[in-house]
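Coordinate-derived values only; no laboratory data. In this text, all values refer to a predicted model and were calculated from it rather than measured experimentally. Because the Cβ atoms are built from the backbone with ideal geometry, glycine has one as well, and the counts that use them run over all protein chains shown.
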């Protein structure tokens, strides 16, 4: 088998699972879901039919990914993180045609128990702190914390806090990769 499915997990016919991926205890992956190579779903995860996950996505225990969630490569989703797909749900009102798209770009991290309101984008290598409630887009490399989530700094692609000098330059303390802060946005300096 090119991927692993624990005996207690349910993978519906029509789900596409990439090579080297692991689906652990009590997960449910619906038919139509697209899961890339080398992904991991911790125990008790749910993946809806129209979810798309890139490669090397790590979803920790007790996370439900509903229709409208799209994850780029190398995304990390901490345990108990919550995603929504309708802004104004009501049990008596069918809003299945109103699902909003939520994008987690390459390398983004969602901390444990964070809540991501639908219809937003989490930028490349952005870092959402544990317990944060994200109600608007997060720019690439931004660190956001709190309820509602507010900008609290910048993170490197390696997951280290960046400290910019007066000229708008910083380097990752682990990799020495250089970053520039200009007009409220961070980008990695290509060498």
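Could you compute the FRET efficiency for residue 16 and residue 96, with r as their C-beta to C-beta distance and R0 at 25 Å, rounded to 0.05?
Working: r = 22 Å, r/R0 = 0.89.
Rounded to the nearest 0.05, the efficiency is 0.65.
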Discussion item. Just the number: Rg to Rh for the stretch 12-78, Cα atoms, Kirkwood Rh, two decimals.
Written reply: 0.90
Fill in: Distance (nanometres) between label positions extended 7 Å along Cα→Cβ at residue 88 and residue 113
3.1
Item to complete: Using a Gaussian network model of the chain whose springs link C-alpha atoms within less than 10 Å, name the residue from 140, 89, 173 with the highest mean-square fluctuation.
Response: 89
Worksheet item: Full extension from residue 175 to residue 152: what is 0.36 nm times the residue separation minus their Cα-Cα distance, to one decimal in nm?
Response: 6.1 nm
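Give the relative contact order (percent, whole number) for the stretch 4-161; include only Cα pairs under 8 Å separated by 6+ residues.
Numbers: 507 pairs, mean separation 19.5, N = 158.
Computed value for the stretch 4-161: 12 percent relative contact order.
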Response to the item:
Cα extents of the stretch 4-161 along the principal axes, largest first, in whole Å, come to 42, 41, 19
Item to complete: For the chain, give the share of DSSP beta bridges that are antiparallel, in percent and rounded to the nearest 5; count only bridges with both residues there.
Response: 25
Response to the item:
Distance in nm between residue 136 and residue 8 label points, each 7 Å along Cα→Cβ, equals 4.2
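Please list 163-172, 16-25 highest first by mean number of surrounding beta-carbon atoms within 10 Å per residue. Write down the numbers at each step before the final one.
On the way: 163-172: 13.0, 16-25: 18.0.
Ranking, from highest mean packing down: 16-25, 163-172.
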